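Nothing in this text is a laboratory measurement; each read-out follows from the coordinates by a stated rule. Since we're looking at a predicted model, the values are computed, not measured. Backbone-built Cβ (ideal geometry, glycine too); neighbour counts: all protein chains shown.
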Amino acid sequence: MEEHKFGEDSREYNQGRGQYDLAFKLLSKITLPNAARVLDLGAGMGEFAMVMRDKGYDVACVDGEERCYM
């Protein structure tokens, strides 16, 4: 993924944020309709949202940061 600046604390953010393994594990247990709408709260740099978009979902991102990347 392309490196982006995420506020002044981007390095700490990238080191401290969780990975998405649990989210993807949970999502694998449910069936979403094709092109389902997905809301990514606290989207940050948009990594989860981009994966969901690439899987064909209609993704909306919300984040408190001035810029939300995707």
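Between the amide H of VAL59 and those of VAL38, distances stay under 5 Å, these residues lying 5 or more places away or on another chain, with hydrogens modeled in the peptide plane.
Between the beta carbons of LEU32 and VAL62, assuming R0 = 30 Å, the FRET efficiency works out to 0.95 to the nearest 0.05. Amide H contacts for ALA43 (H built 1.01 Å from N in the peptide plane; partners 5 or more residues away or on another chain; cut-off under 5 Å): VAL62, ASP63.
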